[in-house]
């Protein structure tokens, strides 16, 4: 095997039909819902550079794409699939990481979310810093929820007024992540400033 993962471009449009077929078969095998996407829709994502594709030579290995909602305030990582013979070899994690990093590059301030029924996808998202959330914390863009019309569980979603379904919502908020990383080097004690005991001394660098 010689698998490489690329940011998709127009040269990869020829895989759109195979990608859609693999998505459909994967949904049937799992017995869970998945929103259907047309080859034309997938081709548009590929052509616009909002997708990643894994190839073993010319053979399709995996795929995932980006959708934007609420004026690009929210970004969805969608359609993660791996071809059968390449499963359980770590490629799902690599494709997921690639699409996540591409999302962060193209939309650095956007909240990134995913809705899924797949335990493996939940684990991958958690490793990247996603947190489980209620649907109310996701985009309220009606166009996003229209995408669920092709899912066999859409009536469950509608009956719950789009507040819950069989999918789990997962969210990565870059604003919260950046705040959580900030640990002040100095803290106030009375009228004095002392070195924060939570900061390693050798990590504080002073430039003259």
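Observations on the structure shown:
- Cα-projected label distance for residue 17 with residue 109, points at 7 Å along beta-carbon direction, nm: 4.3
- Along its first, second and third principal axes, ordered by size, the stretch 69-112 spans 38, 15, 11 Å in Cα coordinates.
- Residue 97/residue 155 FRET efficiency (R0 22 Å; Cβ-Cβ; nearest 0.05): 0.05
No value in this document is a laboratory result; all are computed from the given coordinates. Here the structure is a predicted model, which is why all the values come from computation and not from measurement. Ideal geometry is used to build each Cβ from the backbone, glycine not excepted, and the neighbour counts take in all protein chains shown.
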